[in-house]
1. Below 8 Å, C-alpha to C-alpha, sequence gap of six or more: please give me the relative contact order for segment B:2-119 in percent.
2. Mind sorting A:Glu38, B:Glu319, B:Glu309, B:Glu293 by how few other Cβ atoms lie within 10 Å of their own Cβ, fewest first?
3. Dipole of chain B, Cα-centred, from +1 at each Lys and Arg C-beta and -1 at each Asp and Glu C-beta, to the nearest 20 debye?
4. What do you get for the angle between helix B:279-292 and the principal long axis of chain B? Use alpha-carbon atoms, 0 to 90 degrees, nearest ten.
5. Is the C-alpha gyration tensor of segment B:228-329 telling us rounded, prolate or oblate? Criteria: a/c under 1.5 is rounded; beyond that, a/b larger than b/c is prolate, otherwise oblate.
6. Kindly put B:Leu54, A:Leu315 in sequence by how many other C-beta atoms sit within 10 Å of each C-beta, fewest to most.
7. Find out how many positive minus negative residues lie around A:Ala226, taking Lys and Arg as positive, Asp and Glu as negative, among other residues whose Cβ is under 9 Å from that of A:Ala226.
8. What ranking of A:Met214, A:Met117, A:Met205 emerges when the number of other C-beta atoms within 10 Å of each C-beta is taken as an exposure proxy, fewest first?
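Every number in this text was worked out from the coordinates using simple rules, so none of it is lab data. For clarity, every value in this text was computed on a predicted model and none was experimentally measured. Note: ideal-geometry Cβ built from the backbone for every residue, glycine included; neighbour counts use all protein chains shown.
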Amino acid sequence: MLKVGVLGAGTMGSIHAQFLAQIPEVQLIGITALPASEADPLASALGIQRYDSAEDLLADPKIDAVVIATPTPTHVPLITAAAQAGKHVFCEKPLARYLEDGQRAIESCEKAGVALMIGHVVRFFPDYERIKEAIDQGAIGKPAILRFSRVGPFPRTGVKNWYADPEASGGVILDLMLHDIDTLRWYCGDILRVYAHSLTGRTQMERDYALVTMRMASGAIAHLEASWSHPGGFRTSVEIAGDGGLLRADSRESAPIQIERWVTEGGRGGVALPESPLAESPYLIELRHWVDHILHGTPLRVTPEDALKALEAGLAAMQSAKTGQVVSLARGGVA
Amino acid sequence: MKIAILSFAHMHAHSYAHSLLQLPDAELAAVWDEDAERGQAMAQQFSARFVPDLDALLKEEDIAGVIVTAANADHRDLVISAAQAGKHILCEKPIATTIADAQAMIDAADAAGVKLMTAFPVRYSPPTRRVYERVRAGEIGQVLGAKCTNHGSMPGGWFTDKEKAGGGAVMDHTVHVADLLRWMLEDEVVEVYAEIGNLIYPDIHIDDCGLLSMRFASGVFATLDTSWSRPPIFPTWGDVTMEIVGQDGVLILDAFRQNVEVYSQTQNRIYWAHWGSNMDLGMIADFVRIIREDAPVPITGYDGLKAMEIALAAYRSAEEGKPVSLPLT
C-alpha cells in the first residue's frame, strides 16, 4: 500500500487525485493547494485530509509519496523538499523551467533514494503507443521525417494566469510541445539540433504559437507545431514517413463520437464536440505505472533523464526562436 | 490560337495538352521533343504535328505561344530560343536551376517583348484561390505564421538527376507553396533555414526529405515540408496544405481534398478519385487569355525566380548549417 499526498488542486491536481483514489494499492491521504481553500471541495468529495501548506503535507510521516501538480516554477523546490522528506515523487511536466534546476531536482531524488517520475503522459496514450509499436516492428522502416502537432485552447484555469507568463510557464513550447518532444525522443532517440520560430513576445501569450524543426542523431528530420492560436478546439496529430512506409494519426479523424447540438438561444449554428472515450484514462495508467515502479520496481517508461533531455530540447527551441539561430544539443546543450 | 509544347519530359505536359484540347479557342498545333520517339508518340496521342527541328517550329508564324515542359535545367535554352522567335511562353516550374539562368530567361523575354509566365497551377485551384481571397479580405486578421506541406511521391527519372533537376524534393516541391505564400502575403522571404536529407530512397543519391523555415520581411514565419514521403502504396500522389494563423483566426487549406475514396478489389488498389476542379485547365486557359487580350502576365518570370531562390537558399542553408538571408548574393 502506497500512501500518497497531492500538491496542487488545479486542473491536473484534481485529475490525479481522482485517479489515485481508484488505484487499489494507493491510499490517498490528503491534498493541499494555494490558496489552501481551493483544495476543500476535492478533499471533502474524496474524503481525504486537507493540508494548510505543502510544508505540512511533506512533514506528515504517514505519507510515502507525493504527486506535484503545481505551477512550473514551484516544481523544483517541491521535488527537492519532497526528496529531503524521503517521499517518492510524481511531478507534472515540465520537470523544471531551467535545465540546471531540473538536474538539481533529479540529483536530490537520487541522493535521497526516492523515485522520480515526470508526467510525460503521452507515452501512456494508446494511439501514441500503437505508433511506437509500429515503428519498433519496422512497419514503416527507419523513420525519415516526422510531423507532430498539438493545438488547443490556452489554459486559463491557472492560478494568477501563470501560463501567460513565459518566465513561469515557458509558453506553448514547454507546456504543449514538450509532450511531442518527449514522444519524438521515445520514437527516434537523441536530438542533435533545433531551429524554431514562435510568437512568444510578439503577441499576447494566450495566443502563443511555435513551429520547430529538429534534426535527430539518427539523421531523421522532425517538425513540431504547438499552438494556443487555434480557436477550433484541442487536437493532436502525428505523421511519420520512413524508408518503408508512412503512418498518420489525427485525434479529430479518429474520434468515434461527434456531438452536434442545436444552439437555440440567439445562435444560428450549433457546436460540434469530438469525444474519444477509453475504458481506462491514460492518466490513470500513468499513475499506476508510477505506483508499480515504487512498490514493485517496474522500470520507468519515462526516466528523469528523459524528462531532462526533453526539457533541454524545449529550452533550445525557445532560445532558437528568440535568437534566430540554430541551437546544437551535441555539446552540452543550453541553459 | 495555336500553341506548341516543347518537350514532354515533365509529366505535367500531358495535363497541359489535355487542357488545350478542351479549350474552344486554342489548339495544340505542334510538338517538339528532344526525345523524338516520345515527341512523336505524344503528337499522335494529342492529334498534333511532331516537328523534329526546334528552329523550324519556332519559325512557324501562326504559333502564338509555347509551353516549355522540359527538364528543369533545359528550360533556359528553350525559353530564350522561343523568346527570340517572338513566342509567348509558359514555363514549367521551377523556372530554372540557377538565378543566372532565370534572369537570362526573363531578360530574353523582356528584350523580345514576349510574355513569360511561370506555371504555378495551384493558384488556379478554386479552394486555394478562395483562401487567397479570404486572407486578402482580412478574414483572419493580420497573418502571423503558416504551416505548409507539399508532399509528394518519389517521381524518379530525371527528377533525381541533379544536373537535370537542380536538386531533389526541395527543388521539386518548394516553389509551389513558396509562390502561394508570396502571392497571399504580398511579401518576400528574407531568411530561410532548412534541414534536408536523403532518408527514404537511399539509391537515388539526392534529397527526398526537406523541411524549410521561412521568415518574411513583415515578420511572418512559415514552414514547408517538401518531402517525397508518400510511398507508392499511398492512395494519392501527395498534397498541398496550408494552415495559416492570423490575429483573428486560422485558415486551413488542403487543396486536393475533394476526393472519393475508392477501395477496388477488382483493380487491387486503394485510391482517391479527385473531383475538385482542374487547376491545370484554369492555368492554360489564362495563358491563352493573356496572349489573346495582350493582358499583363499574372505569374511572371520574376515570380518564378523568387520562388526558386527560396529552394536554392534552402540548399545553401542545409550546407552551411545556419539560416541564409535573401536575396541570395
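1. RCO, segment B:2-119: 24 percent.
2. Details: A:Glu38 19, B:Glu319 11, B:Glu309 24, B:Glu293 8.
Taking fewest neighbouring Cβ atoms as first place, the list is B:Glu293, B:Glu319, A:Glu38, B:Glu309.
3. Working: 26 positive and 45 negative charges, 137 e Å.
The calculation lands at about 660 debye.
4. 50
5. Verdict is oblate for segment B:228-329.
6. Working: B:Leu54 19, A:Leu315 26.
Taking fewest neighbouring Cβ atoms as first place, the list is B:Leu54, A:Leu315.
7. On the way: positive: A:Arg150; negative: A:Asp175, A:Asp180, A:Asp208, A:Glu225.
The answer is -3.
8. Numbers: A:Met214 28, A:Met117 25, A:Met205 18.
Ordered from fewest to most neighbouring Cβ atoms within 10 Å, A:Met214, A:Met117, A:Met205 come out as A:Met205, A:Met117, A:Met214.
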